[in-house]
Each structure stands twice: as C-alpha cells, then as structure tokens.
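Accompanying notes for the structure given below.
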Amino acid sequence: MATKRLPVDWPLVIIALLLSMYGISIVYSAGQTDIPTAVGRLWKTQLVWFCLAVAACYAVTRCTVRLLDWLTWPAYWVSIAMLILLIFIGKGAGTAASTKSWLAIGGFRIGQPSELAKITVVLALAKVLSTFKEPPKSLLELWKPGLVVGVPWVLIMLQPDLGTGIVFVGFAFAMLFWSGVSWPLLVLVASPVVSLILAFNVQVWGAWFLLLIALVLWYKPYLYEGIFLACTNVLFGVLAPIIWDKLAPYQQKRLLVFLNPDIDRRAAGYHVLQSQIAIGSGGLFGKGYTQGPQKRLAFLPAQHTDFIFAVVGEELGFIGVLLAFTLFLLLFLRVTKIAERANDSYSSLVAFGLLASWFVHVLVNVGMTLNLMPITGIPLPFFSYGGSFMLASWLAVGILIRIAAEGRGGRTGPFAI
Amino acid sequence: MSFHPNDMRRRGIAANVIVTGVLVFLGAGFFRTQVLQHDKYTLQSETNRLRELPLPAPRGIIYDRNGKVIADNVIGYTVSVLAQREDTLRAVLQRLSGTINISPTQIEQAVRRYRRAPTRPAVILPDASFDVVSVLEEHRSQFPQLNIQSSPRRFYPDGPIVAPFVGYTGEISENELAQPSFADYKAGQQVGKQGLEKAYESVLRGKEGSQFAEVDARGRIVRGQGGARPDLLPVPAPPLYTNIDLDLQRYVAGIFGDSLIGGAVAIEPKTGAVLALYSAPSPDFNRFIGGVPIAYYDSLRTDPRKPLYNKALQGQYPPGSTWKLATTVVGLETGAVTMNDHMPITCTGGMQYGNRYFRCWDKRGHGSLSLQGAIAKSCDVYFYQLGLKLGLARLIAGGVGLGMDAKAGIDLPEEKRPRFPESLDYFNRKYGRNWSQSIVLSMAIGQGDNSQTILNMARFYSALATDGSAAKPEIVRGKPERTPMVKLTADQMAQVRAALVGVVEGGTASRSAIKGVQLAGKTGTAQSGTLDAFGKELNHAWFVGFAPADDPKIVVAVMIEFGGHGTRAAAIASAIIANYLKVTPVVDLTTDG
C-alpha cells in the first residue's frame, strides 16, 4: 500500500506520548534519593531509549500490514532462535540477576529477546488464528495455536521468567477470546490452571470441580476431552498439594525459586510491604514530586523498575494513580476500537493481542505493588526503566498506528483526526 | 474466525467492560490503601525512617544552703551509633577504631548496650572529649550511622570535697535494669549511683526528651537532629536545695587535707540539718562521670586508706570515751546516779575487778571524782563502777533506747547501722552462757561490742545539745523530724551540758577552747585493736561536741582513724565550730595532736 500521507491515529499517539512522558518523569524522580545512586542518571538513558523507540515506531508505520504478515514467521523463528540461545549464553541483570534474560555480547548487554518475543508471538498467534474459518470448538482444534505459544513459553520459563510467561498466557487467552472461541471452551482450557490455584482449599476446589462437570455436561465436548479435562483438574487440584506437602522444605523452595528467583532475595514480603507503605503513606495528594521519603531513603526496592508505580503512589498520591489509570484506560479503549475496526482478522488479532499484552503487564505490575498479585518482576509499560521494553512498547504503538490507518474508515472515518 | 462487525463490536464491548472493571478494581485497591488506610501506612513509614534519639534531661542542680552550687551540669558529648544489626554495629566500630581511639573493651561495651536496647542508638563514648568530637565531625561523611550529641554532663565543681555526700551518676547497670523500681528506665540512661544522686534520683532525674533522625533503608542518618519531626524537649529536673554549708564543707575538707584519715559530721542540732559531712580521703567523682576509668578505680580500690569507704556513714568505730555520755544518760535516767555522786573506788590509775586489773587511761589516777568531774577528766575507773552499778542489761537497754543500734536515718543510702547488742541475748549467742560480767566494764567506757558511726554519735550529741530529742539528720532541706531520745529533766540536761563544758574548760579538751564561745563536748580515744610497727595499740581519736553551750547552733563529730589521743580530734572539731560560728579558736589548729 503506497500511501503518501498516513492517516495517523492521533489519540493513540498522544496517549502513548503522555504515558511515556509521565513514565520518564517518574524514572527521574525514582533516581532522586538522599544518598545518590546510579539510578539518579538513568532517566537520561531512558530518554535516549524513548527517542530511539519513537524513531523505531515511525519506521514501523512505514511497513504495511501485508509486509508485517509476510515477516511474521521469519520474525517468530528468529525470536525462538534467540530464546534458545539464551538458555546457553543468557545473562542476568538488575532485579533479575539470577535469570538468563539478557543477550549480551562481550559483557555488553544488548537487550532482552523476550520483549521482542512478546510481539512476534502475538503476530504468529494472530496469523494462526486468522486462518480458522470458524472459531475452534474443541480442545483438539487448539493444538496449533497452543504449539505456537507453548514453545516460546517453555523457553521463557527455562530462563526462568515467570512474569513474561504470565504475559504469554494472558495474551494467548485474550486472542482466543477475540477470535471467537466460546466462553465455555475458554473456561475449560483455563480449568487446570484454576484448579492449581484453588488447590489450597478443598471446599473451594470441590465447588469449582462441580461447576466444571456441569460445564462439561452442558458444552458436551468429545468424551475423551471431557475425561482429559477431569483428569488434569484432579491432577492439578488434588495431587499437586499432596505432592507439594511430601516435598522437603528445601525442595519446595527450589521449585518456588525456579518459578520466581526473586523470592529468596531478601526476607519474603519485604519488598511488597515497603511498596505498600510507600503507596499508603502517599495519601490522596502524595508527598510531592521527587519528595517521597520511602523512595528517597531507599526503603523502596527496585523503585525505577518493578516497583516504579509505588513512586507514583507515594509522591503523587491517589490523584497521580488515577491519572495513570485514566491514561491506561484510554489507551486500552482506543486499541479495542482499533482492533474492532481493523481491516482483516490478522490485523485485528494483532491489535487485540498487543492490547492484552499491555493489559496483563499493567494488571500484574500494579497489582504486585499492592500485594494483590505475586511478585513476578514484570515491568510497567511506558513507566519502568528498561530500553528493550520501551522499544517494544513503541514498536507496538507503531504497528497499531499502521493497523488503524489501514482499518475500516481509515482515511475518512473517525480515525482521520 | 468470525469477523463480522457486529461480532467485533460485541467482543469489543466485552473487552472494554473487563478492562474497565479490572482498572476500577485496582483503583479501589489504591483508594483503600491510600485514603482509607493512609494513617496506618503513614505511621509505618515514620517508624521505618525515623529513629528516636534520646535527649537526656539535665539533672537537677544541687545547691548548698547559701545557693552555692554543689552539683552542676556542663556540656558533654555523647557519641553513639544507630545500627540495625549487630554486625553493622561491629563493622562501623571497626572502621571507627581507625579514626579515633576505641579499645576492644569499648567495642564490647557498645555491643552490649546495643543488645539491651536495639532501638536506641548504641552509645560508644558516653563522655567524648571535644578533641575526639572534632575529629569525628571531620570524618562525619564516612560514618553516616554516627550520632554525635551534646548532652548535659554532671560536674561537681568542688570534686572530692563534696563527694562523700553528693555521690555520683553513671550508666544504669544490668542489675538495676532488672529491678522493678527502674522499670521506666532504659539501657544507657544515667542514674544516681551513690549519695544524694542516688537518694534523690526520682527528683534529680528530669524527663528525657527525644529527637528524630531520619535514616535510610541501611540505617544511615540522612537528616540528623530535628529533621523530620519536631523535637520533644527534655524537661529539666528542679533544683535540689540542701542544708550543706559549702564553705564549711570546704573548710572541713581542708583540715583533713591529704594526711588525715577519718570523717567529720556537722549538724544543726535543732533541725537535724547536716551542715557538713566529710570522709577523708575522698575520691573525685568527676572522674567517674561517663564511665569509671579502670586505672583510677584500681588506684582507689587498692589505696590502704580506703577512699571509697565513707568513714562518716559506713565507718564503724568503737566510740571510746565519747560513749561515756551514753552511760551517763542511762545512769541518770535510771536514777542509779546523780551528777554529784562519787563512786566507792577512788581512781588510782585503775581498779581490780575479779581476777583482772582494769586500767584508767591516766596512769596517774584521777582521785575521787563526781560524775561531772569524771566526764571532764574522762575517768575510766568512775565509769567502770557506774557500769557495774547499772548492770549490763540496763546499760544495753539504755543504749538501745538512745538509738545506738539503729541508723541515724540520714537521707543518704550508704549509711550503715552501728554495731551494738540489741539485748543480752547477743552475748549469749556470742560467748555462750558463761560470759563474764566484766563485759560491762568495757561497754561502760565505749569499748567492747560497740561500734558507732560518726554520724550516729553526732545525732546522739545533738540530742544532748537540745531538749533531749534528736532530729533526723537531713542533707536535703525538709521538715525537721525530732524523736525524743534522752529522757532527762531540763535540770539534768543542763548538768550534762555543764559537764561537757567542763571537758573543754579544764578537762581533756582544754586546749580546744574557743575565744568568746562556750564549747561543750567530749573527747574519745578508742582502742582500735590495730597495732603499730612497735607493737603498740593504735587509737582512734574522737571528739563530739557543740557550741555555743547555752544555745547550740552546731554539733560536730570528728573521728581520726589511728589519730592518737582525742584531743587531736577536739582541736579539729573546735576549728570547724569556730569557722562556722565565725570566731577564733584559743589555740591555733595544729595537726601534731
């Protein structure tokens, strides 16, 4: 498509710019501690990355969706290759020092391939799902999408990076939903995981299991599918806690640390507690920009990366939190609209997948600062310090601009502001 | 996939509802934490970052009766470390020892202080010199955990002169902390250890204040004193007004000088006000403030003159002839004798009792004396017979009645109870049933199983100096408490006082008369049981007396350890009284005895 002037979706761009400005100013504030640390200089680096990211975004807007579609598989395989490479030569850094998330050459860290993979896997899954004439009705039909997400997911869990793993699961479910997979089937797919989570309480799990049986009877999947679901749920819900209890504490710890290397860093719960104290003491209006004592006195851990939202809470208060939420909500609503009006199923799925990816990041990261979510070391889009993630976020913005521009009513419709 | 716009719209709405719902849920979580639980987290944030630095209250200033300062506060420096863990503390101390002089003992002390009160700054140098403080201030940036505070430091301008009654303060000990009476004390605080400082601790203490320093996550002080929260200023203790006459106290100390060992107590007989109380030699408690230096303490402890032993309050000495007045009082009270009675045996330098010859102190003999004369000459033979006439039981009961077995009740914690038999049972216990009546002879002249404190003898004479009731000796001004003690008629009291005047005017203390003032008193030369290098028994020199005899304003008891004859003590007492009454003694004070 050879457009001379691209109809830019300005609301999307403005929201993303506002979020980035907000984020960088908080990264600056995060560095303002009473006893200066290296974090104090990072806002400049972040600003450089932001400029690079906007440039990359512009470049992406010059690529047609068709080009993107064509590049999907090569990009996917490159991502897979890099993830495999990480298993052997990955390096740790920052708050995830014990994992192998970084690709480095000669000690110089280039970036985190999993950030790129978040986009390429969305593209690949969109491509797979868009080939379905009808939405999948049975579990068996989901083998291909499952494989496309499952392979990189396993590679990422080997780093191990639970946070990114959760993001993959999140956007995969969202894209299945967007492709028209019915609610009952989504529930059935998710049921083993739900069983695992509910396994701590026999009654709650029992109720869930009865609900599941009812759902199976009503939805009537193939017999073996029903049996398979029942078995996996029993396995996850009943056997997992028994096996878990049989493990020695050090083995439990080893498993937990495998899932989340940060657990054992310091006394459990210290990070979250300090984050909650920071947010809670911020009150309605906050302690003032750069003035938060919890942050200034270094009580707040990872204040420029994983716990950056606690800085927002402490210094700008509930008002600042609401402002961030409003911007994120506007972003999500805008991207939903782009996905609705996309020109074809592939671009629509891509748009929704990118939205879901951001959403899971926000939910898990912000929830973590309030102890509503487990600590998984997942960054906050546009806020957390980190080059790869800033770049990936703006690449996504670029893809979305292009999809919006090619979408229905693109040039003359409501997007042509 | 179904890609009909209607399907898309339906799913879009569903997605929007979910996204909005989740964000509203998160927002509600933030509302709960930031608005509803704001106070809780604010408190947690402050306990996180604010460390309480105690601000010691200045102790009450102690004044003498004329408003002169006995105990003062000067500016001192306390160096402490705020540590979160013991190993942090050790690391800081280790580094600190490269900058200033800290001994391993001091490090261990600081660690112990930290263990007792981990939330308070661990004191390293309770009393740092200005030199050390200025060195530390120079290197302050290297030691962000360091807390240098100026804090009031106790100072006794007269040092050793006032030490016997004022005592000293020190860091509260672990033993003290374990006691319920120190329940509201915290480790590291200063507490009175002796004397007035201990007795009036609750008054002198004041109320500790607090400063708040802001620390970061690693316990480094980021904003020091008065940063984050206003200080709670300490409440200084009110001053303590005492009965002490500091000029007199200085004079007494001056007389004892470095050579004499002993003690002296001066009391206002009507009120019991303690004008001076001294024990020689006396330690300089200024050196005890902020931790007792080991070398100094050892030198005090090994000094044969026992400076740490308060001779006026704790010293138990045979009262010797000063006790003859007790025998006299018991004799008069029981009607066994009158002031003019003579005894059957004339003093020829001693008397035979049973198979033993009891000597009078004067080998030449005193001849036949009335009781009045016997007091003036301190004739032992007379009192042997008076004792025999009274019998041991009456003598002991009378002594108990005169408070000879009880504390004088001074408001100082160190006072010891005199040693005096409570009844004849004492002798049964000590000697079995078959003890000899000859004990009464020794008891009658103030020897034997009788050891009095200087203070208690002063109290007894203050009763003789007034109407027969003794006032409780008080260092701190209070309402006088008088208890009847000597149960004699006014005539008898006048006769006793006349006899005591006779001691000074022509008696054993005739060299100690004061020009223009009638001095009354009694000498004592008490056998100490200690022999000198030539095998001769050393005597303690006593004098207890008062003046003016007709209207006594001061009672003085002086005891010189191994001081020889009582006349030596009399000369000192006379000088003290003259100094107090602003008159001149007849004989200038000499220390040759």
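The values are calculated or read from the model by the stated rules, or taken from the named source; none is laboratory data. It should be emphasised that the depicted structure is a prediction, and the values quoted were computed from it without experimental measurement. Note that each Cβ is placed from the backbone with ideal geometry, even for glycine, and that neighbours are counted across all protein chains shown.
Output the residues belonging to segment B:21-44 that are surrounded by fewer than 15 Cβ atoms within 10 Å (Cβ to Cβ) and closer than 20 Å to A:L327 by Cβ. Within segment B:21-44, B:G21, B:V24, B:F25, B:A28 meet the criteria. For beta carbons closer than 8 Å, sequence separation of 6+ or different chains, a first residue in segment B:417-429 that is under 26 Å from B:A458 (Cα atoms) and a second that is surrounded by 12 or more Cβ atoms within 10 Å (Cβ to Cβ) and among the aromatic types (F, W, Y), the qualifying pairs are B:P421/B:F427.
Scanning segment B:440-477 for residues that are in a helix (DSSP H, G or I) and among the small types (G, A, S), we see that the one that is surrounded by the fewest Cβ atoms within 10 Å (Cβ to Cβ) is B:S442. The residues on offer are A:E340, A:E315, and the sole one that is among the charged types (D, E, K, R), within 14 Å of chain B (Cβ to nearest Cβ) and surrounded by fewer than 24 Cβ atoms within 10 Å (Cβ to Cβ) is A:E340.
Give segment A:366-404 a look and list any residue that's assigned to a helix (DSSP H, G or I) and not aliphatic (A, V, I, L, M), or say none. A:G367, A:T369, A:G387, A:S388, A:F389, A:S393, A:W394, A:G398, A:R402 - these are the residues of segment A:366-404 that are assigned to a helix (DSSP H, G or I) and not aliphatic (A, V, I, L, M). If you check A:W153 against the conditions, is it within 14 Å of chain B (Cβ to nearest Cβ) and under 23 Å from the mean Cα position of the chain (by Cα)? No: the conditions fail for A:W153.
Could you list all residues from segment B:362-382 that are under 13 Å from B:P344 (Cα atoms) and among the hydroxyl-bearing types (S, T, Y)? Matches in segment B:362-382: B:S368, B:S370, B:Y382. Looking at B:R112, B:R32, just one residue is over 37 Å from the mean Cα position of the chain (by Cα) and either of a type outside the set (D, E) or farther than 30 Å from B:Y278 by Cα (or both), and that residue is B:R32. Name the pairs: first residue in segment B:67-83 and charged (D, E, K, R), second residue in a strand (DSSP E or B), Cβ to Cβ under 9 Å, at least 6 apart or on different chains? Here the result reads B:D72/B:I62; B:D72/B:R154; B:D72/B:F155, each pair linking segment B:67-83 to a residue that is in a strand (DSSP E or B). Scanning segment B:392-414 for residues that are out of contact with any helix residue (DSSP H, G or I) (no Cβ under 7 Å at 6 or more places or on another chain) and farther than 30 Å from B:N243 by Cβ returns B:A393, B:I396, B:A397. Report yes if some residue within segment B:1-11 is assigned to a strand (DSSP E or B) and either over 40 Å from the mean Cα position of the chain (by Cα) or more than 14 Å from chain A (Cβ to nearest Cβ) (or both); otherwise report no. Scanning segment B:1-11, I find no residue that is assigned to a strand (DSSP E or B) and either over 40 Å from the mean Cα position of the chain (by Cα) or more than 14 Å from chain A (Cβ to nearest Cβ) (or both), so the answer is no.
Pairs meeting the criteria (first residue in segment B:330-346 and closer than 19 Å to B:A494 by Cβ, second residue part of a loop (DSSP other than H, G, I, E, B), beta carbons under 6 Å, at least 6 apart or on different chains) are B:G331/B:V337; B:L332/B:L488; B:E333/B:K487. Condition first: under 18 Å from A:I26 (Cβ atoms) and at pLDDT 75 or above. Can you find one or more residues in segment A:331-343 that meet it? Yes, segment A:331-343 contains at least one residue that is under 18 Å from A:I26 (Cβ atoms) and at pLDDT 75 or above.
Taking first residues from segment B:37-59 that are more than 9 Å from every other protein chain (Cβ to nearest Cβ) and partners that are surrounded by fewer than 18 Cβ atoms within 10 Å (Cβ to Cβ) and β-branched (V, I, T), the Cβ contacts under 7 Å between residues at least 6 apart in sequence or on separate chains come to B:A57/B:V235. Of the residues making up segment A:292-311, those that are more than 13 Å from A:G282 (Cα to Cα) and more than 12 Å from chain B (Cβ to nearest Cβ) are A:A302, A:H304, A:T305, A:D306, A:F307, A:I308. Scanning segment B:345-367 turns up no residue that is assigned by TED's automatic domain parsing to the domain that holds B:A509, in a helix (DSSP H, G or I) and surrounded by 18 or more Cβ atoms within 10 Å (Cβ to Cβ).
Taken over segment A:29-74, the criterion of being of a type in the set (A, V, I, L, M), under 20 Å from A:F307 (Cβ atoms) and assigned to a helix (DSSP H, G or I) is satisfied by A:A30, A:A38, A:V39, A:L42.
B:E176 meets all of the listed conditions (1) crowded, with 21+ Cβ neighbours inside 10 Å; (2) closer than 25 Å to B:R115 by Cβ but one, namely (1).
Exactly one residue out of A:V122, A:V151 is outside any loop (DSSP other than H, G, I, E, B) and buried (at least 22 other Cβ atoms within 10 Å of the Cβ), and it is A:V122. If the condition is being at the interface with another protein chain (Cβ under 8 Å from one of its Cβ atoms) and either over 19 Å from the mean Cα position of the chain (by Cα) or within 24 Å of A:L300 (Cα to Cα) (or both), then segment A:318-337 contributes A:F318, A:V321, A:L322, A:F325, A:F328, A:K337. Taken over segment A:343-374, the criterion of being surrounded by fewer than 24 Cβ atoms within 10 Å (Cβ to Cβ) and within 7 Å of chain B (Cβ to nearest Cβ) is satisfied by A:S345, A:L363, A:G367, A:L370, A:L372. Each residue in segment B:76-103 was checked for being touching a Lys or Arg at 6+ places or on another chain (Cβ under 7 Å) and either under 19 Å from B:I289 (Cα atoms) or not assigned by TED's automatic domain parsing to the domain that holds B:R154 (or both), and 1 of them qualify. Among the helices (runs of 4 or more DSSP H) confined to segment B:371-426, the ones with at least 3 residues that are closer than 19 Å to B:P318 by Cα are located at B:380-390, B:392-401.
So that you can scan it fast, the table gives a plain yes or no per residue for (1) touching a Ser or Thr at 6+ places or on another chain (Cβ under 6 Å); (2) under 16 Å from B:S378 (Cβ atoms); (3) of a type in the set (D, E, K, R); (4) part of a loop (DSSP other than H, G, I, E, B):
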{"position": "B:M493", "(1), (2), (3), (4)": "no, no, no, no"}
{"position": "B:T523", "(1), (2), (3), (4)": "yes, yes, no, no"}
{"position": "B:G529", "(1), (2), (3), (4)": "no, no, no, no"}
{"position": "B:F534", "(1), (2), (3), (4)": "no, no, no, yes"}
{"position": "B:H540", "(1), (2), (3), (4)": "yes, yes, no, no"}
{"position": "B:F543", "(1), (2), (3), (4)": "yes, yes, no, no"}
{"position": "B:A570", "(1), (2), (3), (4)": "yes, yes, no, no"}
{"position": "B:I577", "(1), (2), (3), (4)": "no, no, no, no"}
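Among the conditions (1) out of contact with any Lys or Arg (no Cβ under 7 Å at 6 or more places or on another chain); (2) loosely packed, with under 15 Cβ neighbours inside 10 Å; (3) more than 9 Å from chain A (Cβ to nearest Cβ), B:V69 misses just one, which is (2).
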